[in-house]
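Worksheet for the structure shown next.
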Ligand code: S3P
């Protein structure tokens, strides 16, 4: 296994990037970073509050800066925000020395994970399920196009998802 690369988890909100990332970090002994947390440290408030105050466009500018910073190091597990694929520059930076793994979840799976969560400003609407469906439709081809490896996560335990990623890494990036 090439052990100098970052392992980058992408996918829609609520697909398990943080949970799987932490588990991978434990199993591979790579440090774990979460781009949303790094953003919150930088802005000194929650992402939700930032969206309310300054809007999504300003959020995306900070996100780009943080992604560029995280992408520059090696040997980390990086959990990313679900919207990073909207900016091809983010992917360009992450691919320089990282492998991109897409945690692919259905709208049903995502809805189940997030139905009681109010920390995602883009999903604070009356009909959360329809919003998830339409955003996922908009983004799913981007997640697929940018990924080196895809893991379907519906109905799988965290350990199973983690194992599938480790198998992929050990087999030399089978696709
Ligand atoms: C977003 C996803 C969130 C966070 C922000 C915007 C998106 O991250 O970056 O609320 O546009 O999909 P998670 O995917 O970690 O929830």
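No value in this document is a laboratory result; all are computed from the given coordinates. Quick caveat: nothing in here was measured; it's all calculated off a predicted structure. For neighbour counting, all protein chains shown are included, and Cβ atoms are generated from backbone atoms with ideal geometry for every residue, glycine included.
Identify all residues within the range 86-116 that are near the ligand (Cβ under 9 Å from one of its atoms) and closer than 20 Å to residue 57 by Cβ; write none if there are none.
Correct list: 86 only.
Have a look at 34, 49 and point out the one that is in contact (Cβ under 8 Å) with a residue 40 or more places away in the chain and within 12 Å of the ligand (Cβ to nearest atom).
It is 34.
Just one of (1) within 14 Å of the ligand (Cβ to nearest atom); (2) in contact (Cβ under 8 Å) with a residue 24 or more places away in the chain; (3) in a helix (DSSP H, G or I); (4) more than 12 Å from the chain's Cα centre (by Cα) trips up residue 119, so point out which.
(3)
Which residue is farthest from residue 7 (Cα to Cα), if the candidates are limited to the range 87-104 and must be out of contact with any strand residue (DSSP E or B) (no Cβ under 8 Å at 6 or more places or on another chain) and surrounded by 15 or more Cβ atoms within 10 Å (Cβ to Cβ)?
Within the range 87-104, the match that is farthest from residue 7 (Cα to Cα) is 87.
List the residue pairs whose Cβ atoms are under 7 Å apart, where the first residue sits in the range 72-84 and is on the phi > 0 side of the Ramachandran plot, the second is part of a loop (DSSP other than H, G, I, E, B) and away from the ligand (no atom under 14 Å from the Cβ), and the two are 6 or more positions apart or on different chains.
75/3; 75/4; 75/30
Let's see how each residue does on (1) outside any loop (DSSP other than H, G, I, E, B); (2) touching a helix residue (DSSP H, G or I) at 6+ places or on another chain (Cβ under 8 Å); (3) in contact (Cβ under 8 Å) with a residue 40 or more places away in the chain:
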{"position": "90", "(1), (2), (3)": "yes, yes, no"}
{"position": "94", "(1), (2), (3)": "yes, yes, yes"}
{"position": "112", "(1), (2), (3)": "yes, no, no"}
{"position": "136", "(1), (2), (3)": "yes, yes, yes"}
{"position": "139", "(1), (2), (3)": "yes, yes, yes"}
{"position": "144", "(1), (2), (3)": "yes, no, yes"}
{"position": "161", "(1), (2), (3)": "yes, yes, yes"}
{"position": "165", "(1), (2), (3)": "yes, yes, yes"}
{"position": "168", "(1), (2), (3)": "yes, no, yes"}
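Can you go through 55, 21 and tell me which one is out of contact with any helix residue (DSSP H, G or I) (no Cβ under 7 Å at 6 or more places or on another chain), under 23 Å from residue 152 (Cα atoms), free of Cβ contacts under 8 Å to residues at least 60 places away in the same chain and in a helix (DSSP H, G or I)?
21
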